[in-house]
């Protein structure tokens, strides 16, 4: 009986700690901070990690915020990364479409992803990441 209570306590602690740790990985679009470059890098790394979970060694090569129409902005990124073996370098070019009609409450509409890796990426993970971005921004 004593071991059962320890197991339940451990499970409860894990449930409380894991969401907090995951929240650090997903940038908040409403709390971007002072440096657009740092924010763009965090967003880009989060996107590439979701699209290709075995990647490593990320570098932000370029980023640009572009207003496509009033209330709609695109964050265009260029992220360098290495594959699972660490030998081959790839470049990802995600575009984050953001609803900026309320300047204090940005919302991610979708993520368009493309890279020069011939293996397919996880579209489902990117769709879930849109939800995670918006949940982190609430």
For segment 68-78, check the following and say yes or no: at least one residue is part of a loop (DSSP other than H, G, I, E, B) and either modelled with pLDDT of 95 or more or closer than 16 Å to residue 39 by Cβ (or both). yes
Within segment 79-100, identify whether any single residue is in a helix (DSSP H, G or I), at pLDDT below 85 and surrounded by 10 or more Cβ atoms within 10 Å (Cβ to Cβ), and answer yes or no.
no
Picked from segment 103-112 (must be touching a residue at least 12 places away in the same chain (Cβ under 8 Å) and in a loop (DSSP other than H, G, I, E, B)), the residue farthest from the chain's Cα centre (by Cα) is 104
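Yes/no per residue for (1) more than 23 Å from residue 38 (Cβ to Cβ); (2) in contact (Cβ under 8 Å) with a residue 24 or more places away in the chain; (3) more than 16 Å from the chain's Cα centre (by Cα):
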| position | (1), (2), (3) |
| --- | --- |
| 83 | yes, yes, yes |
| 90 | no, yes, yes |
| 101 | yes, yes, yes |
| 114 | yes, no, no |
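The values are calculated or read from the model by the stated rules, or taken from the named source; none is laboratory data. Treat the numbers as computed from the prediction; the structure is a model and nothing was measured. Virtual Cβ from ideal backbone geometry, glycine too; neighbours counted across all protein chains shown.
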